[in-house]
Amino acid sequence: MNTPACIGAIALMFLVQPARAGVDSRRAAITGGGGNGNCTVEVDVDGAAEVEVSGDHGLLTTLAGRDARWRRFQCNGPLPRNPVDFRLVRIAGRGTVRLMQDPRTNGGRAVIQIDDARGGRSGYTFAFQWRGFGGGDWPSGPPAPPPGPWPGGGGFTIAKAIRACQGAVTDRLTQDGYSYVNFDRTVPDDGPGRNDWIVGTVSGKREFRPAWFSFSCSVDFRSGRIRSADVYRR
């Protein structure tokens, strides 16, 4: 075999390989159905990443920083090639979440970019919703238990409050050097006068050593803002 050609082929292989790194595909977990649709996406990002969805197939591409990771990709049906309407709803995350390509103009492909300028890995949750031909009003929201309005008439759902609290707790633990954050229990506080609090337990690892925590979040259920997030080592 020609030696220069062999060396060139090996060099080309190493040049091409990094372009494939940092790309993770996933199929959506489909629950429900109907003319109108919604998907909920949860990812971990450290730097910048791009989520591309076509039908029930998702691609998570790392643009900068450490490899982004899927947490959840759940829909009530595949994203159609010709949705009548479309909107992106940001739920949790400390950086920016932007719609870069609208599926109504490019054959049913949605591209969402996440930019996280702060150091360390952080969780992001967003939903996108659409109306198909023959669909009625907008879907009520992203599929996530538990359903129901947040007490107090503010319109912010318990599910969104839980996601926002989990995002704040994840950020706190990440800043303290913990990774592999896993929520064991996240529920509304049922104590008297505590109907605007979310509490639970969570675990994480630092230097490969596991640790367990309790946490509590005070939520402004009218705006969805997290007033405070406290994490205690158990």
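The values are calculated or read from the model by the stated rules, or taken from the named source; none is laboratory data. A quick note: this is a predicted structure, and the numbers were derived from the prediction, not measured. All Cβ positions, glycine included, derive from the backbone under ideal geometry; neighbour counts span all protein chains shown.
Is it the case, given these coordinates, that R94 is surrounded by fewer than 19 Cβ atoms within 10 Å (Cβ to Cβ), under 15 Å from F126 (Cα atoms) and either in contact (Cβ under 8 Å) with a residue 40 or more places away in the chain or of a type in the set (G, A, S) (or both)? In short, yes.
Here P83 passes the criteria (1) part of a loop (DSSP other than H, G, I, E, B); (2) within 13 Å of V51 (Cβ to Cβ) except the one numbered (2).
Among D176, D116, D196, which is of a type in the set (D, E), in the same structural domain as R69 (by TED's automatic domain parsing) and modelled with pLDDT of 70 or more?
Among D176, D116, D196, only D116 is of a type in the set (D, E), in the same structural domain as R69 (by TED's automatic domain parsing) and modelled with pLDDT of 70 or more.
Quick one: in region 166-216, which of the residues that are more than 18 Å from R121 (Cβ to Cβ) and among the aromatic types (F, W, Y) is surrounded by the most Cβ atoms within 10 Å (Cβ to Cβ)? Once the filter is applied, the top-ranked residue is W197.
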